[in-house]
Amino acid sequence: MDKLLRTGETSENFISAMGRAATGVSVVTTGGRGGRFGLTVSAVCSVSADPPLLLACVNRKNPTVGAIDINGMFAVNVLGADQRSYAETFSGRPKSGHPFDFGSHDWIDGTTGVPIIPDAVAVFECEIDTSYDAGTHRIFIGRVLAARQGGAEPLAYSNRQFRRITDY
């Protein structure tokens, strides 16, 4: 390990070190009177199985945060290895088309009315249980109202690159 983290570490070193962690890639979506928004995120995890709860971290500068607050609902769409274009579009860096454009991909309304990706690896439709501000992000704890799973391999992200998970 080239750099050891220490108390008072810089943001740059922290970001660089976190970049070494492999994470799944999801698009968090919401829809309703607060608007239809989506954002690519890598900070999603299970909180509890009973009751089913998960958390998703979203940068507070993104308008998705305000829309989730107003709508009270969101979905976590776990992307498959062949769904990189969703991740690029909803991170604001599409290879073609416009950033954050729902019209450039296939969507259906979930059971809660929130837009979901029909062939995602997994989809979790949630209502807000609680939320907290932490640094630059809002942590949404969602009570899972509906969950579904597909059969594709998940898309991963590490070292600022999308990756495929392979067996060894």
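Looking at the stretch 61-83, which of its residues are among the polar types (S, T, N, Q), open to solvent by less than 20 Å² (accessible area, probe 1.4 Å) and in a loop (DSSP other than H, G, I, E, B)?
Within the stretch 61-83, the first condition is being among the polar types (S, T, N, Q), and the residues that meet it are 62, 64, 71, 77, 83.
Those still in the list that are open to solvent by less than 20 Å² (accessible area, probe 1.4 Å) too: 64, 77, 83.
If the condition is that a residue be among the polar types (S, T, N, Q), open to solvent by less than 20 Å² (accessible area, probe 1.4 Å) and in a loop (DSSP other than H, G, I, E, B), then GLN83 is the only one that fits.
Among residues of the stretch 12-31 being over 16 Å from VAL76 (Cβ atoms) and assigned to a loop (DSSP other than H, G, I, E, B), the one that is most open to solvent (accessible area, probe 1.4 Å) is ARG20.
Residues in the stretch 125-137 that are modelled with pLDDT of 95 or more, under 24 Å from ALA156 (Cβ atoms) and either charged (D, E, K, R) or part of a loop (DSSP other than H, G, I, E, B) (or both): 1 in all. Scanning the stretch 141-168 for residues that are open to solvent by less than 50 Å² (accessible area, probe 1.4 Å), over 16 Å from the mean Cα position of the chain (by Cα) and farther than 14 Å from GLY24 by Cβ yields a total of 1.
Pick from the stretch 142-168 the residues that are basic (Lys, Arg) and closer than 17 Å to GLY80 by Cβ: which of them is modelled with the lowest pLDDT? Give the derivation first.
We begin by selecting, within the stretch 142-168, every residue basic (Lys, Arg); these are 143, 148, 160, 163-164.
Checking the rest, the ones that are also closer than 17 Å to GLY80 by Cβ come to 148, 163-164.
Numbers: ARG148: 95, ARG163: 81, ARG164: 85.
Restricting to residues being basic (Lys, Arg) and closer than 17 Å to GLY80 by Cβ, the top hit is ARG163.
Filtered by the rule that a residue be among the polar types (S, T, N, Q), part of a strand (DSSP E or B) and either within 17 Å of PHE162 (Cα to Cα) or open to solvent by less than 60 Å² (accessible area, probe 1.4 Å) (or both), the stretch 32-48 gives THR40, SER48. Residues in the stretch 152-168 that are part of a strand (DSSP E or B) and not aromatic (Phe, Trp, Tyr): PRO154, LEU155, ALA156, SER158, GLN161, ARG163, ARG164.
Can you tell me which residue among ALA75, ALA122 is modelled with pLDDT of 95 or more and in contact with a Cys (Cβ under 9 Å, 6 or more places away or on another chain)? Please lay out each step first, then the result.
Working: ALA122 fails: in contact with a Cys (Cβ under 9 Å, 6 or more places away or on another chain).
Every option except ALA75 fails the conditions.
Applying a threshold of 6 Å to beta carbon distances and a minimum spacing of six or more residues, or different chains, the list of pairs starting in the stretch 156-168 at a residue that is within 15 Å of VAL41 (Cβ to Cβ) and ending at one that is charged (D, E, K, R) and modelled with pLDDT of 80 or more reads ALA156/ARG163; PHE162/ARG84.
Select from the stretch 84-140 the residues that are among the polar types (S, T, N, Q) and more than 13 Å from the chain's Cα centre (by Cα) and write down the one among them that is most open to solvent (accessible area, probe 1.4 Å). Can you show your working first?
Initially, the stretch 84-140 is screened for residues among the polar types (S, T, N, Q), giving 85, 89, 91, 96, 104, 111-112, 130-131, 136.
From what is left, the residues that are more than 13 Å from the chain's Cα centre (by Cα) are 85, 96, 104, 111-112, 130-131, 136.
Values: SER85: 55, SER96: 90, SER104: 55, THR111: 118, THR112: 43, THR130: 47, SER131: 50, THR136: 90 Å².
Out of the qualifying residues, it is THR111.
Close contacts from the stretch 41-54, counting a first residue that is over 23 Å from GLY80 (Cβ atoms) and a second that is of a type in the set (D, E, K, R), with Cβ to Cβ under 8 Å and a gap of 6+ residues or different chains, come to PRO51/ARG143; LEU53/ASP129; LEU53/ARG143.
The values are calculated or read from the model by the stated rules, or taken from the named source; none is laboratory data. As the structure is a prediction and not an experimental result, all values here were calculated from the model. For neighbour counting, all protein chains shown are included, and Cβ atoms are generated from backbone atoms with ideal geometry for every residue, glycine included. What goes into the accessible areas is simple: the full protein's heavy atoms, side chains included, and nothing from ligands, DNA or RNA. Shrake-Rupley method; radii C 1.70, N 1.55, O 1.52, S 1.80 Å.
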